[in-house]
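Q: Before anything else, here's the structure in question.
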Amino acid sequence: MQAIRLFFQISPPSDFDFTRPEEWPLWMCRFKRFRQVSGLDKQSQEKQVNTLLYTMGPEAKSIIRCRDIMAAQLKDYDTVKTQLSNHFVPWRNLIFECARFHKRVQERGESIDSFIIYELIEHCEYGANGWDESEIPNSNFKAMWVVWQELTQ
């Protein structure tokens, strides 16, 4: 049987919207897929960095300048990606996020899956730093946390 080869051209994601930094993880996920599908991940680190910055748009260069990255580091894709992520992903106030999580009330007709709200649990970092379910004051949230732990292990 003869192998079938598919050839197609894939376009990079559109420019990153610098006015919406909360969309960085989603944009980066799309770029990661582009990088893998296009074969860019097999290219030199420098080419990967240049493609990332070019694809992001013209404002990327000024952000890189502000991050004070040394010239040698600009040739390492993972270093540049980490620096950009540090710039776009906001610092989270753990106490605020946990308070927000504990105020959450399940709405009528809302499924338990929706109620668990993975993002809120992640932002509270339950299970990190040696926390366990005994540190969660509300029994409803204890049950949710146990489910979360089972799903993520």
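None of the figures in this text is laboratory data; all of them are computed from the coordinates on show. Source: prediction; values computed, not measured. Using ideal geometry, Cβ is built from the backbone for each residue, glycine included, and neighbour counts are taken over all protein chains shown.
Q: What shape does segment 21-88 take by its C-alpha gyration tensor, where a ≥ b ≥ c are the square roots of the eigenvalues and a/c under 1.5 counts as rounded, a/b above b/c as prolate, and the rest as oblate?
A: oblate
Q: Subtracting the Cα-Cα distance from 0.36 nm times the residue separation, let me have the gained length for Val37 to Ser14 in nm, one decimal.
A: The Val37-Ser14 span can extend by a further 6.7 nm.
Q: List Ile64, Ile69 from most exposed to least, where exposure is judged by having the fewest other Cβ atoms within 10 Å. Before the final figure, lay out the partial values.
A: Numbers: Ile64 19, Ile69 16.
By the 10 Å Cβ count, ascending, the order reads Ile69, Ile64.
Q: On to the next question. Simple spin-label model, 7 Å along Cα-to-Cβ: Asp68 to Glu46 in nm?
A: 2.6 nm
Q: Let me ask something else about it. What does the charge count around Lys75 come to, taking other residues whose C-beta lies under 10 Å from its C-beta (Lys +1, Arg +1, Asp -1, Glu -1)?
A: Once positives and negatives cancel, what remains is -1.
Q: Would you list the P(r) distribution for segment 9-54, with all Cα-Cα distances sorted into 10 Å bins from 0 and each bin expressed as a whole %?
A: Result returned by the calculation: 26, 56, 17, 0.
Q: Another one. Counting other beta carbons within 10 Å of each residue's own, what order do Asp17, Asp68 fall into, fewest first?
A: Asp68, Asp17
Q: Between Arg30 and Lys61, what FRET efficiency comes out of the Förster formula 1/(1 + (r/R0)^6) with R0 = 25 Å and r the beta carbon distance, rounded to 0.05? If you can, show how the numbers build up before the last one.
A: Values: r = 20 Å, r/R0 = 0.81.
Once the sixth-power term is evaluated, E becomes 0.75.
Q: Using a 10 Å cut-off around each Cβ, can you sort Tyr54, Tyr77 from fewest to most neighbouring Cβ atoms?
A: Least crowded to most crowded, the residues run Tyr54, Tyr77.
Q: Under the definition of Cα pairs under 8 Å and six or more residues apart, what whole-number percent is the relative contact order of segment 21-88? Walk me through the numbers on the way to the answer.
A: Details: 36 pairs, mean separation 25.1, N = 68.
So the answer I get is 37 percent.
Q: Now a separate question. Can you pull the one-decimal nm distance between simple spin-label points at Asp78 and Ile112, each 7 Å off the Cα toward Cβ?
A: About 3.9 nm, to one decimal.
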